[in-house]
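Novice: Can you read through this structure? Questions will come right after.
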Amino acid sequence: MEGGIITSTLPAVVAIIAFLILKEKPTRSAVIGILLAFFGTLAINISGTFSGVERGVAPLLGNMLIIGAVIGEALFIIFGKSISKRVTPLTISTMVSIFGAILFLPLAIYIATSFPFTEASIKDWGMILYFGIVVTVIAFILMYQGIEKVPASTAGVLTGVLPISAVLLSSIILKENLLWIHIVGMALVLLAIYLISMDSKTELKNTDHI
């Protein structure tokens, strides 16, 4: 449950860092949208974990690591926004993939020495290709194209789509139960996205008039 609460703060963390680094001042609608995205993502993340929660052997360390992951994800969005007007989405995605490959290469070589490649099925290799092509290349390009056109705080709110898609796909593909708290959480996130989109349209109209 603690991990779900921490990861749900991503939209707020992105907005705070965007204000400090990019000097983005969120409007009232943006603030409301960020709060709705927080509570909506929180509801989805911690659903079904209120009873019998096992905190683990090192909860403080675990929570600190999750906080670090949230800050890292927020900075990933902020830095992408800061260079999006100078570098194309394809270039950014390529550089991210190259640096990621370099950082993971030592561990990959170590694991490869004992990994049973012959036991991997066609489905396994297909999933690897999917992660490499769709999740990494295509998703990064789409994300950076979007970040170029919207404020970083808006991009932070849109990260709330991820838990929504996870819940819906789990329900459709894995036949997992869709709980009422999931529906409430998804409704809050969608409302947040609606408010942010309407706010962006208003700012665009004001810019056109100027």
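The values are calculated or read from the model by the stated rules, or taken from the named source; none is laboratory data. Because the structure is predicted, anything quoted here is derived from the model rather than measured. Neighbour counts are summed over all protein chains in view; Cβ atoms, including those assigned to glycine, are modelled from backbone coordinates with ideal geometry.
Novice: Which of the residues that make up the range 130-150 are β-branched (V, I, T) and closer than 20 Å to A101 by Cβ?
Specialist: Just the residues of the range 130-150 that are β-branched (V, I, T), to begin with: 133-138, 141, 147, 150.
Those that are β-branched (V, I, T) and closer than 20 Å to A101 by Cβ: I133, V134, V135, T136, V137, I138, I141.
Novice: Here is a further query. Residues I109, I147: which one is β-branched (V, I, T), over 26 Å from V87 (Cα atoms) and either modelled with pLDDT of 90 or more or in contact with a Lys or Arg (Cβ under 8 Å, 6 or more places away or on another chain) (or both)? Lay out the reasoning, then the answer.
Specialist: On the way: I147 fails: over 26 Å from V87 (Cα atoms).
After ruling out the rest, the residue left standing is I109.
Novice: Okay, moving on. Can you find, within the range 60-86, the residue that is farthest from the chain's Cα centre (by Cα) among those that are exposed (fewer than 14 other Cβ atoms within 10 Å of the Cβ) and not in a helix (DSSP H, G or I)?
Specialist: R86
Novice: Taking L90 as the residue in question, decide whether it is surrounded by 12 or more Cβ atoms within 10 Å (Cβ to Cβ), of a type in the set (A, V, I, L, M) and touching a residue at least 12 places away in the same chain (Cβ under 8 Å).
Specialist: So L90 passes the test.
Novice: Out of V57, V13, V53, V31, report the one residue that is at pLDDT 80 or above and over 16 Å from the mean Cα position of the chain (by Cα). Show your work before the answer.
Specialist: Values: V57 fails: at pLDDT 80 or above; V13 fails: over 16 Å from the mean Cα position of the chain (by Cα); V53 fails: at pLDDT 80 or above.
V31 is the lone residue from the list that is at pLDDT 80 or above and over 16 Å from the mean Cα position of the chain (by Cα).
Residue-by-condition table, conditions (1) surrounded by 10 or more Cβ atoms within 10 Å (Cβ to Cβ); (2) of a type outside the set (S, T, Y); (3) at pLDDT below 85:
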| site | (1), (2), (3) |
| --- | --- |
| Y130 | yes, no, no |
| I133 | yes, yes, no |
| M143 | yes, yes, no |
| V157 | yes, yes, yes |
| I164 | yes, yes, yes |
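Novice: How many of the residues making up the range 17-28 are in a helix (DSSP H, G or I), touching a residue at least 12 places away in the same chain (Cβ under 8 Å) and over 10 Å from A152 (Cα atoms)?
Specialist: Adding up the residues that qualify gives 1.
Novice: Is it the case that S170 is surrounded by 13 or more Cβ atoms within 10 Å (Cβ to Cβ) and either at pLDDT 85 or above or under 30 Å from S29 (Cα atoms) (or both)?
Specialist: On the way: surrounded by 13 or more Cβ atoms within 10 Å (Cβ to Cβ): yes; either at pLDDT 85 or above or under 30 Å from S29 (Cα atoms) (or both): no.
No, not satisfied.
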